[in-house]
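What follows is calculated from the coordinates using simple rules that are stated; it is not laboratory data. Since we're looking at a predicted model, the values are computed, not measured. Virtual Cβ from ideal backbone geometry, glycine too; neighbours counted across all protein chains shown.
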């Protein structure tokens, strides 16, 4: 293709024009997108990964997003290594993009980097990694997210982990939140749990939330429990 028929992917690949290939990755023709993705995967390296990531940011077209995910997965572990470095170095505003893309790499290429990132020295990296793990279908993912929620020293990291558990309705989330409501030494955890039980939408939580709404000694917990009860009843 070329001239008036759309982007010439072969020519762009020969020139190693990763920006042009990234643009072609959003083309309306699925054959063009697939060819651009294969070309970017073949070129590899940080520039190719960033060309894909830049086109994924803010993208709403599901087919385009999937083309980007396929291209990143085709790069294998190098994509995970590059995006882990990006997650660590990006501004807080841009970290969610790399956390989500790592999650889209799946168990094979995204799980290990995200697990590593949950132990990072920077709280925003840990929290963002926990959220990215929620996209991976593997028992290690929810287990580690629960650990971050329960034990991370940073309030925001714990909050992101709690939201990941609740928004994705991950295995063990209900039990984790209900159990945390009994932790009298952790008011923040109780408040987050009360909120997230509402997000889970599981009516089994009503009796326990009612107890917290009436009897918890922390106003934040009582208010969170009442808000969740309003959603569930």
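Quick notes on this one:
- Per residue, the Cα convex hull of the chain amounts to 121 Å³.
- A Förster distance of 41 Å, applied to the separation of the beta-carbon atoms of residue 77 and residue 167, puts the FRET efficiency at 0.90.
- Cα long-axis angle, helix 206-215 against the chain (0 to 90 degrees, to the nearest 10): 60
- Rg/Rh, computed from the Cα trace of the stretch 139-233 with Rh as the Kirkwood radius, has the value 0.94.
- Sorted by Cβ density within 10 Å, fewest first, the residues 70, 206, 125: 206, 70, 125
- Shape call, the stretch 79-208: gyration tensor on alpha carbons, a/c limit 1.5: prolate
- Ellipticity at 222 nm from helices only: DSSP H runs of n ≥ 4 in the chain, each -39500 (n - 2.57), divided by the residue count, give -22500 deg cm²/dmol.
- The angle separating the long axis of helix 106-117 from the principal Cα axis of greatest extent in the chain is about 60 degrees.
- Direction-averaged projected area, Cα convex hull, the stretch 7-125: 6.7 nm², rounded to one decimal.
- Rounded to the nearest 10 degrees, the angle from helix 45-56 to the longest Cα principal axis of the chain is 70 degrees.
- Ranked by how many other Cβ atoms sit within 10 Å of their own Cβ, fewest first, the residues 176, 196 fall in the order 176, 196.
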